[in-house]
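Everything below concerns the one structure shown next.
No value in this document is a laboratory result; all are computed from the given coordinates. Everything numeric in this text was worked out from a predicted model, so none of it was measured. Because the Cβ atoms are built from the backbone with ideal geometry, glycine has one as well, and the counts that use them run over all protein chains shown.
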Amino acid sequence: MSKIQVAIIGAGPSGLLLSQLLHTRGIQSIVLERHTREYVEARIRAGLLEWGTVDLLNQAGVGARMMREGLAHDGVELAFDCSAHRIDLKALTGQRVMVYGQTELQKDLADARTGSGGCIVWEAKDVAIDDFAGRTARVSYTQRGERLDVNCDFIAGCDGYHGVTRASVPQHAITLHERVYPFGWLGILADVPPVAAELVYTNHARGFSLCSMRSRTRSRYYLQCPLDDDIDSWPDERFWDELRLRLPEKYGSRLITGPSIEKSIAPLRSFVAEPMRFGRLFLVGDAAHIVPPTGAKGLNLAVADVRVLFEAMVDYYRSGSDTLLDEYSSRALARVWNATRFSWWFTTLMHRFSDETIARKMQLAELRYIGESPAAAAAFAENYVGLRFR
Ligand code: RFL
Ligand code: PHB
């Protein structure tokens, strides 16, 4: 049986970032990941980082390539009624956002951990949380047919929505809040220049669309679609035709199309588990909460949890104090609920929910209000760039 300070379950962005930050303070961790490194790095997910996320990645020493290759944006566009309205994030909040793909971040984090001798067990099978209620904690896993145990001070559950850590908590100790949306996002990645310099979120009578990007030569586009649509019913041509229809004329007319590199349909969900701490087990990121991607909060929230837990663990190992560990759940959840509210609101504002004309008229009235009122635009902007840490 080996002994380590922190056992981290999951090598997604939250698990690897926590491990890297702890390493910078001499705190040892082991990361147990179910899949191979190649599999984890191939998942196409988030693309937009709040500046608070950028700062923490730099603090962890993994931000050099992001600062070189990422695209800092000062604004974002909301399109409706056939025209686009720019929200000047920088002018309204003093902050920018960074376009940098989660796939790249995954690589930077894994390179940093591997380069500094970090212990990541890829393909750790049947991870089990054996004890987290006592004076120490214990996890076990199977590697190449051998069952191994790890004793630790703390377990960080960074294993995403379908992970084992949240599922190991007794039902009576946890409250789950959930809303499932009646549509999905069909996403496409293509090596074509983005249609606009900044992101464009469009409310259209045919449904929502989003123009995002990964670089100046790689675009990421999304369309609202029925949840039960088969991906095979969306050949590239159909996707491009539909996207063109949903964009304001000035963008539709200059859309450059090309073969897709990746295409998938993702369901949309709001989900929060409370509390986020159970004895020596701390839930982090998607293991504890999911937001719909409108507003790009998922990865940023995961990183925000990591920040709070990292500070608490550093304080514990430096001073022996439990105070910040005790505050982890309430501090993290305060931010989680703000982002859950914003993501729900922005999703509700931008998507087609029904044929009800009154619903769409009210969406358009609110969008016009955001376009005309500096106060309304500022409320949107400060949530979009990420609320200040408290
Ligand atoms: P992850 O990334 O899901 O990583 C969890 C890791 O745990 C592993 N795992 C296990 N390992 C060992 N044993 C087990 N039993 C395990 N069970 C699971 C998994 O293999 C995985 O490697 O969670 P983490 O680290 O909390 O990070 C969260 C983010 O990945 C997530 O919030 C974002 O990707 C959400 N998200 C977006 N967020 C944004 O901020 N901006 C976006 O633009 C954005 N777009 C998206 C998204 C999520 C998407 N998904 C999940 C479908 C687009 C999509 C399509
Ligand atoms: C993305 O680039 O994948 C992306 C950007 C902004 C969002 C959602 C997804 O709100």
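In the chain, one over the average inverse separation of all distinct C-alpha pairs is 21.8 Å, which is the Kirkwood hydrodynamic radius. The 3J(HN,Hα) values that the Karplus relation (6.51, -1.76, 1.60; θ = phi - 60°) gives for the stretch 379-390 are, in residue order, 5, 4, 4, 5, 6, 5, 6, x, 5, 5, 6, 10 Hz. Gly and Pro appear as x. Debye-formula intensities of the stretch 183-322, expressed as log10 I(q)/I(0) at q = 0.14 Å⁻¹, are -0.73 (one equal scatterer per alpha-carbon, no solvent).
Taking the DSSP beta bridges with both ends in the chain, the antiparallel portion is around 75 percent.
For the stretch 95-149, divide the Cα radius of gyration by the Kirkwood radius and give the resulting Rg/Rh value with two decimals.
Numbers: Rg = 16.5 Å, Rh = 14.2 Å.
We get a ratio of 1.16 for the stretch 95-149.
Alpha-carbon geometry of the stretch 340-390: the Rg and the Dmax are 12.5, 41 Å, given in that order. Can you give the log10 of the normalised intensity I(q)/I(0) at q = 0.11 Å⁻¹, computed with Debye over equal Cα scatterers of the stretch 67-223? Each listed q corresponds, in turn, to -0.76. For a quick check, take a GNM of the chain with Cα springs below 10 Å and name the residue from L349, L48, L18 with the largest mean-square fluctuation. For the chain, modelled as a Gaussian network with Cα springs under 10 Å, the answer is L349. When both the stretch 332-390 and the stretch 13-43 are represented by their alpha-carbon centers, they are found 33 Å apart.
So if I average 1/r over every pair of distinct C-alpha atoms in the stretch 1-92 and take the inverse, what Kirkwood radius in Å does that give? It would help to have the intermediate numbers written out before the result.
Details: mean 1/r = 0.0617 Å⁻¹.
Result for the stretch 1-92, one decimal place: 16.2 Å.
In summary, the aspartates and glutamates within cross-link reach of K3, defined as a Cα separation below 15 angstrom excluding same-chain residues under 8 places away, comprise D130, D131, D149, D153.
Quick one: Cα convex hull volume of the stretch 299-390, Å³ per residue?
Numbers: hull volume 9.0 nm³, N = 92.
Convex hull of Cα atoms, per residue: 98 Å³.
Taking only the alpha carbons of the stretch 167-217, we obtain Rg and Dmax values of 18.2, 51 Å in that order. Look at where the Cα atoms of the stretch 237-258 and of the stretch 85-106 average out, and the two centres are 23 Å apart.
Distance distribution P(r), the stretch 279-325, all Cα-Cα pairs, bin width 10 angstrom from 0: 26, 43, 23, 7, 0 percent.
Kirkwood hydrodynamic radius, the stretch 307-358, all distinct C-alpha pairs: what's the number in Å? Don't skip to the answer; put the middle values down first.
Working: mean 1/r = 0.0736 Å⁻¹.
Every distinct Cα pair counted, the radius reaches 13.6 Å.
Counting neighbouring Cβ atoms within 10 Å and putting the fewest first, the residues I256, I290 line up as I256, I290.
Each Lys and Arg Cβ is given +1 and each Asp and Glu Cβ -1; about its Cα centre, the chain then shows a dipole of about 540 debye. Placing a label point 7 Å from the Cα of Q143 along the Cα-to-Cβ direction, the residues of the stretch 86-126 with a backbone N closer than 11 Å are 119-125.
Per-residue Karplus couplings for the stretch 21-38, computed as 6.51 cos²θ - 1.76 cosθ + 1.60 with θ equal to phi - 60°, are listed in order as 5, 4, 4, 5, 10, x, 9, 8, 9, 10, 10, 10, 10, 5, 9, 7, 4, 4 Hz, Gly and Pro entered as x.
Shown in residue order for the stretch 49-62 are the 3J(HN,Hα) couplings computed by the Karplus curve 6.51 cos²θ - 1.76 cosθ + 1.60 at θ = phi - 60°: 10, 5, 6, x, 5, 4, 4, 5, 5, 5, 4, 7, x, 10 Hz (x for Gly and Pro). The stretch 125-195 and the stretch 293-314 have Cα centres separated by 15 Å.
A cut-off of 5 Å between modelled amide H atoms, ignoring neighbours fewer than 5 places along the same chain, links A11 with R34.
Mind checking the dipole of the stretch 306-386: about its Cα centre, +1 per Lys or Arg Cβ, -1 per Asp or Glu Cβ, Debye to the nearest 20?
Values: 9 positive and 10 negative charges, 59 e Å.
Here the stretch 306-386 has a charge dipole of around 280 debye.
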